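Engineer: Sharing a structure here in structure tokens format.
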Amino acid sequence: MKKALLLGLFLLQFTGYSQSTDVKLSSEKSNDKLLLTIFLKHDQSMNLHEIEKIRTDQGFYENFPPEGTSVVNWFVVMGLGQMVVLELPASKLAAVNLAIERTAWKAFKSEIYPTYNLFPIIKDKLKNNAKVTY
């Protein structure tokens, strides 16, 4: 009984959140480019000077972001750390992961989320579809 319930919940996960098939997928529009949101969470046992020294010593600024990727946004999230949004071809995902592992891990704890831009799909449905650009 438990296995049947788990299987049903698993299948519901894929059917319940599907998008309409009449909309082109964003990867079709942008030649397999994706957005990658990276949270570089501050280790609060260190001060900013210590974090910066580790980052510099490990070659963070020379190796991140990797060749073939571009920074869309880079924010400070107060109380958390930094949030970086990269645009990259799917083939560069491993290179970004390695750059984070090799140059940021002692200074930060990281969380990485592949994302996509839903705004072009949903903007016509919104009452106020103004988009802020910086």
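All of the numbers you see were taken from the coordinates with simple rules; none came from a lab. As the structure is a prediction and not an experimental result, all values here were calculated from the model. Methodologically, a virtual Cβ is constructed for each residue, glycine included, from the backbone with ideal geometry; neighbour enumeration extends over all protein chains shown.
Engineer: Note the count of lysine pairs whose C-alpha atoms are less than 12 angstrom apart in segment 25-125, limited to pairs 8 or more residues apart or on different chains. Kindly include the intermediate steps, with their values, before the conclusion.
Structural biologist: Details: LYS33/LYS92; LYS41/LYS106; LYS41/LYS109; LYS53/LYS106.
Eligible lysine pairs with Cα atoms under 12 Å apart amount to 4.
Engineer: To continue, here is another question. Do any GluC sites (Glu not before Pro) in segment 50-134 lie in a loop, going by DSSP, with at most 11 other beta-carbon atoms within 10 Å of their beta carbon, and if so which?
Structural biologist: Numbers: sites: GLU50, GLU52, GLU62, GLU67, GLU87, GLU101, GLU111; in loops: GLU67.
Listed in order of number, the matching sites are GLU67.
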